[in-house]
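Enquirer: First the structure, then my questions, so here it is.
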Amino acid sequence: YELQDRLSLETRVCSYDRAGLGWSGPSQGAKSLKEMSNDLSELLAKAGENGPFLLAPESFGGMIALQFVQDHSDKVAGLVFIDSSEPELWFEKTGETLPDWKRKNAWMKLAWRTGLVRLFLKVGQPAWVSDMSSQNQTWFRVNYSRPMAGDGEVIGAFELSDPATY
C-alpha cells in the first residue's frame, strides 16, 4: 500500500482486489488462472484503461499476471514481481500442501463467521502493519476483518489450471 501511494505521486496507479478479496464481491465459483486473467482484462477495459501496462503483482497475483501476459501480451509493457510465486514451484508446493490449505480455509471461514478474526486481528497482525500510515493500517484492519475468499481462491485456481501451460 505504501509503495502504491508513493508511485501514485509520479504516475497513474491502478490496483484491484480479485473477486472475493478486499472490497470486491465474491466470485460465482472457483476460477482457473485463465479466468482470473480474463477478469482482470475485462476490469481494465470497463475502467477505460488501454495500456500498455506495467504489472507489479504480489504473491499469488504473480500467477495471474503471468497468465495475463500469455493472454494479452499486446497490453503489457513489463512485469515487476513483488515476492511473487514461481509457477513450477507454486504448482508443486500447492499440490503437496492442498489438504492443509483446505483445512485452513475451512477454519478461516469459521473464524470470520464467529468474529474471531476481528477480535484477534489487532493483537495478531503482522509487525509490518505498524509501519504503515494510519490510513493504511485502518484499511488493513477493516479489510481483513471481513470474510474473504483467500485460500479458497488459490485452491480453485490450482484445481482448475493446467501446470503444463506455465
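The values are calculated or read from the model by the stated rules, or taken from the named source; none is laboratory data. What you see is a predicted model, and the numbers here were worked out from it, not measured in a lab. Cβ placement follows ideal geometry from the backbone for every residue including glycine, while neighbour counts extend to all protein chains displayed. Protein only, heavy atoms only, side chains kept; ligands, DNA and RNA dropped before computing areas. Shrake-Rupley method; radii C 1.70, N 1.55, O 1.52, S 1.80 Å.
Enquirer: With the condition kept exactly as written, say whether any residue in segment 32-45 is modelled with pLDDT under 80, of a type outside the set (S, T, N, Q) and open to solvent by 70 Å² or more (accessible area, probe 1.4 Å).
Expert: The answer is no, given that none of the residues of segment 32-45 is modelled with pLDDT under 80, of a type outside the set (S, T, N, Q) and open to solvent by 70 Å² or more (accessible area, probe 1.4 Å).
Enquirer: Please verify whether segment 136-147 includes one or more residues that are basic (Lys, Arg), surrounded by 15 or more Cβ atoms within 10 Å (Cβ to Cβ) and within 29 Å of THR94 (Cβ to Cβ).
Expert: no
Enquirer: Collect the residues in segment 76-130 that are touching a helix residue (DSSP H, G or I) at 6+ places or on another chain (Cβ under 6 Å), farther than 22 Å from ALA65 by Cα and small (Gly, Ala, Ser), keeping them in residue-number order.
Expert: Passing the criteria: only ALA111.
Enquirer: Name the residues in segment 48-102 that are of a type in the set (Gly, Ala, Ser), exposed (fewer than 14 other Cβ atoms within 10 Å of the Cβ), at pLDDT 90 or above and not in a strand (DSSP E or B), would you?
Expert: GLY48, SER73
Table: residues versus (1) among the β-branched types (Val, Ile, Thr); (2) farther than 24 Å from ASN143 by Cα.
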site	(1), (2)
LEU66	no, yes
VAL69	yes, yes
HIS72	no, yes
PHE91	no, yes
MET108	no, no
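Enquirer: Regarding GLY115, is this residue more than 30 Å from PRO52 (Cβ to Cβ), open to solvent by less than 60 Å² (accessible area, probe 1.4 Å) and not polar (S, T, N, Q)?
Expert: Yes; evaluated as a whole, the condition is true for this residue.
Enquirer: Which ones in segment 21-31 are open to solvent by less than 70 Å² (accessible area, probe 1.4 Å) and free of Cβ contacts under 8 Å to residues at least 40 places away in the same chain?
Expert: Once the filter is applied, which keeps residues that are open to solvent by less than 70 Å² (accessible area, probe 1.4 Å) and free of Cβ contacts under 8 Å to residues at least 40 places away in the same chain, segment 21-31 yields SER24, GLY25.
Enquirer: Tally up the residues in segment 108-127 that are closer than 29 Å to PHE158 by Cα, modelled with pLDDT under 80, assigned to a helix (DSSP H, G or I) and not aliphatic (A, V, I, L, M), please.
Expert: 5
Enquirer: Additional query: In segment 5-20, what count of residues is obtained for those that are open to solvent by 70 Å² or more (accessible area, probe 1.4 Å) and either free of Cβ contacts under 8 Å to residues at least 40 places away in the same chain or part of a loop (DSSP other than H, G, I, E, B) (or both)?
Expert: Total satisfying the criteria: 9.
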